[in-house]
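> To start, I am sharing the structure in question, which I have written as structure tokens.
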Amino acid sequence: MTDLTKLLSDIQEALGADPKYLELTGSDINYQNLQWEIRKDSLLYFKGRVYVPDANNLRLQVLQLKHDHILAGYPGQSKTYQLICQDFY
């Protein structure tokens, strides 16, 4: 099972090389008005959900976290997708 704290730390590390993160932080645009924000935990959020960069199998780890969680049971594809979308973008 994937550790959420470790996963969030890995996401935070991967943001430094992510094109979307660099675009938002390197521009003069107020990204908060565009529904993007960087919070005190240094993670990038879109509409209140953690943005997961496409790096280091992070998206697979999010999938495994939500699918394999003991409380998820056997959710199936649609339910797993809904579980992911509650917290992650």
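Any read-out appearing in this document is the output of simple, stated calculations on the displayed coordinates, not a laboratory observation. All values reported here derive from a predicted model rather than from experimental measurement. Positions of Cβ are backbone-derived with ideal geometry, glycine not excepted, and every protein chain shown enters the neighbour counts.
> Net charge around residue 55, counting only other residues with Cβ within less than 13 Å of its Cβ (Lys, Arg = +1; Asp, Glu = -1)?
-2
> Now, a different point. Roughly speaking, what is the stretch gain from residue 64 to residue 77, that is 0.36 nm per residue apart minus the C-alpha to C-alpha distance, in nm to one decimal?
Full extension from residue 64 to residue 77 adds 3.5 nm.
> What residues have an amide H closer than 5 Å to that of residue 52, excluding those fewer than 5 places away on the same chain, when H is modeled at 1.01 Å from N in the peptide plane?
Under 5 Å from the amide H of residue 52 lie the amide H atoms of 89, each far enough along the sequence or on another chain.
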